[in-house]
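J.: This structure is in structure tokens; I'll ask about it shortly.
A short reminder: the numbers here are calculations on the coordinates, not readings from a lab. Note that the structure is a prediction, hence the values are computed from the model and not measured. Here the Cβ positions follow ideal geometry from the backbone for every residue, glycine too, while neighbour counts run over all protein chains shown.
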Amino acid sequence: MIVSNRLPVDHVSGEGEDAVWRTSPGGLVAALEPVMRARDGVWIGWPGMADKKVDPFVADGIDLIPVPLSAKEVEEYYEGFSNDTLWPLYHDVISPPSYHREWWDAYQRVNRRFADAALAVAAPNAIVWVHDYQLQLVPKMLRDARPDLIIGFFNHIPFPPYGIYSQLPWRRQIVDGLLGSDVIGFQRVADAGNFARAVRRLYNYETRGNLISVPIDESAEKHGQRHTAVGRRGHPVRTVLARPFPISIDASMFQQLAHDPGIQARAREIREELGNPGTVMLGVDRLDYTKGIRHRMKAFGELLAEGTVTSEDVCLVQVASPSRERVEAYAQLRDEVEITVSRINGDFSQLGHPAIHYLHQGYPREEMVALYLAADVMLVTALRDGMNLVAKEYVASRIDQDGVLVLSEFAGASDELRQALLVNPHDIDGLKGAMLHAIRMPKRDRMRRMRAMRKRVLTHDVQRWSATFLDALVREDHSDPANNLDIPKRVMPAGSYGE
Ligand code: GDG
């Protein structure tokens, strides 16, 4: 069973029996669909419409169980606690988190509803995989009711250092909720480390490497609990594996799209429509304050102001797909970004050559791949990002082995894509230097780097990610050597561009 905030479908039209749904085939669906079919799985989540009860249905062969949310719950649990408390807190308080007790109440209530929906259909010893920060209380709710279940949790966003995490008024309850899992997956080594430290500080539980010993009462062992042992302090414990499982993309799907002659023609057309500039730089992000869109624009604006580049030589295409527009911080960010774009364009565009092509729209995947193929330089300058799939999608799409990735060291992807030009996006001079380096990089160097990054992404795709996670989840022995990490040793000196 998969439990996630959103079902992997969007409502197209009609109601009840006549409802038409379209699956939103993100990487997660692509990875899990075959597994779910083979194991008779179900997916539990919110269908995306408030105040509507939707009966269970099947989409593209996956059984879906909708969990209803009222408009008030969307406001308090989703937009409030998930996206205005946890999201900014877990992303290093880039924007100040809001703490409201009513939001917390709604979060607990809704987590209970998701857990109950799972409990209603879980077979004995079922494998339940819970996803992301909206549902951190679900693992413990499941464990308390059904110790036989095999429970995994994957956190798609960072887990912050304790000095930040400790702001959360409900910091103990969240950690306790997560510890209901058998396996807790994080994007980076640092996230798993931050979590283990939070466990020690808040509960003083023993931790050893990736293993956390959670004390249990004597009787629990007899009730079919897995992973039980006697802890070093002489009490019975249940061990929880908390380690990184860096997520990836459906790499072969991106490769396949990149081979499509129609998409290749579209990529050429895009360059023509842009006026055939010497260099096309591209940004693709949800319009989110974690993505460093303003830092990227500031750096580009300064290069134009100094005359180091002109809008005829270099243009920036920024796709900023609309996101969370009812949350105040997002509305504010949109205003700031749009003012910045207008200023830069007003000051530096030439007729027929706008400096920034700003697109506040979502596009079909085919168009995204055409953009990746058209872009000489991909800018991923997140201030904090769990992984950043866009970086991996760009690499997988570059079947010509060309193109330069400028990548923030604050994105999880930088642990694997060491041949990117790594940047600290707060260092505007460093960012400008990396942009210039990318613009001027000789083809041989570009290809050498791209080849190495492609090797990594093509061999470590989302199918491998889900298989690795599920493998760790069903394994009887948490301390098995197969749990060793598969994250490359740093091949370049630590530190960012220009240091
Ligand atoms: C969270 C974590 C982690 C964007 N605009 C369009 C579009 N996209 C697609 C991209 C990419 C996805 O959305 C965005 O994924 P990211 O990883 O870049 O970022 P988040 O949305 O913040 O995702 C993140 C991820 O979860 C997975 O664990 O990597 O760190 O924050 O796939 O291509 N796709 C289409 N049109 C658009 O306009 N078709």
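J.: Could you check how many residues of the stretch 367-379 are within 8 Å of the ligand (Cβ to nearest atom) and either under 19 Å from the mean Cα position of the chain (by Cα) or on the phi > 0 side of the Ramachandran plot (or both)?
T.: Total satisfying the criteria: 1.
Yes or no, residue by residue, for (1) without any contact (Cβ under 8 Å) to a residue 24 or more places away in the chain; (2) charged (D, E, K, R); (3) under 18 Å from W129 (Cα atoms):
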| position | (1), (2), (3) |
| --- | --- |
| G14 | yes, no, no |
| L32 | no, no, yes |
| A38 | yes, no, yes |
| V42 | no, no, yes |
| D84 | no, yes, no |
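J.: Restricting the search to the stretch 394-409, which residues are more than 19 Å from D445 (Cα to Cα) and either surrounded by fewer than 24 Cβ atoms within 10 Å (Cβ to Cβ) or more than 16 Å from the ligand (Cβ to nearest atom) (or both)? Working first, answer last.
T.: At the first step, the residues of the stretch 394-409 found to be more than 19 Å from D445 (Cα to Cα) are 408-409.
Listed by number, the list holds a single entry, E409.
J.: Report the residue count in the stretch 109-131 for those that are more than 23 Å from the chain's Cα centre (by Cα) and outside any loop (DSSP other than H, G, I, E, B).
T.: Matching residues across the stretch 109-131 total 9.
J.: Also, I was wondering about something else. Mind counting the residues in the stretch 420-429 that are among the charged types (D, E, K, R) and within 15 Å of the ligand (Cβ to nearest atom)?
T.: So the answer is 0.
J.: What residue, among those in the stretch 263-288 that are touching a residue at least 24 places away in the same chain (Cβ under 8 Å) and of a type in the set (G, A, S), is farthest from the ligand (Cβ to nearest atom)?
T.: Going through the qualifying residues, I end up with G278.
J.: Output the residue which, of all residues in the stretch 410-419 that are within 16 Å of the ligand (Cβ to nearest atom) and either more than 19 Å from the chain's Cα centre (by Cα) or of a type in the set (D, E, K, R) (or both), is farthest from T459 (Cα to Cα).
T.: D415
J.: Listed residues R232, R243, R200; which is among the basic types (K, R), surrounded by fewer than 16 Cβ atoms within 10 Å (Cβ to Cβ) and not in a helix (DSSP H, G or I)?
T.: It is R232.
For (1) over 21 Å from A190 (Cβ atoms); (2) in a helix (DSSP H, G or I); (3) in contact with a helix residue (DSSP H, G or I) (Cβ under 8 Å, 6 or more places away or on another chain), each residue gets a yes or a no:
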{"site": "L407", "(1), (2), (3)": "no, no, yes"}
{"site": "H426", "(1), (2), (3)": "no, no, yes"}
{"site": "D429", "(1), (2), (3)": "yes, yes, no"}
{"site": "M450", "(1), (2), (3)": "yes, yes, yes"}
{"site": "K455", "(1), (2), (3)": "yes, yes, no"}
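J.: Condition (residue is among the polar types (S, T, N, Q), over 19 Å from P47 (Cβ atoms) and not in a helix (DSSP H, G or I)) applied to the stretch 75-96: is it met by at least one residue?
T.: yes
J.: Within the stretch 323-366, restricting attention to residues that are near the ligand (Cβ under 9 Å from one of its atoms) and either surrounded by 15 or more Cβ atoms within 10 Å (Cβ to Cβ) or not in a helix (DSSP H, G or I) (or both), which residue is nearest to the chain's Cα centre (by Cα)?
T.: Among those residues, the one meeting the criterion is S323.
J.: Give me the residue from the stretch 426-463 that is surrounded by 16 or more Cβ atoms within 10 Å (Cβ to Cβ) and among the basic types (K, R) and, out of that set, nearest to T290 (Cα to Cα).
T.: Per the stated criteria, the residue is K432.
J.: On the given criteria, is I164 closer than 22 Å to N83 by Cα, in a helix (DSSP H, G or I) and among the β-branched types (V, I, T)?
T.: Spelling it out, I164 is indeed closer than 22 Å to N83 by Cα, in a helix (DSSP H, G or I) and among the β-branched types (V, I, T).
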